[in-house]
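A.B. asks: Take this structure, written in structure tokens, and hold onto it; I'll ask about it next.
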Amino acid sequence: MRTATTTSKSKSIPPKVIADKPISKAQVTKVPKPVAKTRGAARKSYKFSGTMPEQTGFTPQMYALLQTISEAKNTELDSKQFTAQDLVALAVKKGYLSTCQDPLRIFRFYKDRLVSEGYLSEV
């Protein structure tokens, strides 16, 4: 059984008509430029309290971050003002922290707990 298909070349599809009035009723006069209010979590400065916890109750990664701060020399890392990037880079360099993930992600995960328990404070 054959079916006949007819297409007419004389008919053309009319172009879409764009409305003159806006679809939304929102009154937007000017879009503000983006403003960076902070330097970002990785560039915030932190301070080490100086107390080192016992290893019980801490994960090895969390303890490695604190161990890096406590054993770092002043030329490597200033314990009174350091950034998360500096801490993580030194922990990886010294071999205390080894992970398949982004090491900065490890710090971001434990940052709230370290600050709330008083081992670190934001400067």
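A.B. asks: Within the range 99-116, track down each residue that is surrounded by fewer than 13 Cβ atoms within 10 Å (Cβ to Cβ) and either of a type outside the set (S, T, N, Q) or in contact with a Cys (Cβ under 7 Å, 6 or more places away or on another chain) (or both).
C.D. replies: Cys100, Asp102, Arg105, Asp112
A.B. asks: With the checklist (1) touching a Lys or Arg at 6+ places or on another chain (Cβ under 9 Å); (2) within 16 Å of Lys111 (Cβ to Cβ); (3) surrounded by fewer than 19 Cβ atoms within 10 Å (Cβ to Cβ) in hand, flag the one item Ser49 doesn't pass.
C.D. replies: So the condition that Ser49 fails would be (1).
Yes or no, residue by residue, for (1) under 23 Å from Glu54 (Cα atoms); (2) more than 19 Å from the chain's Cα centre (by Cα):
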residue: Glu76; (1), (2): no, yes
residue: Lys80; (1), (2): yes, yes
residue: Thr83; (1), (2): no, no
residue: Asp86; (1), (2): no, no
residue: Lys94; (1), (2): yes, yes
residue: Gln101; (1), (2): no, no
residue: Leu104; (1), (2): no, no
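Read-outs throughout are calculated quantities, based only on the coordinates presented, and are distinct from any laboratory measurement. All of these numbers come straight from a predicted model, not from anything done at the bench. Here Cβ is always computed from backbone atoms with ideal geometry, including for glycine, and neighbour counts include all displayed protein chains.
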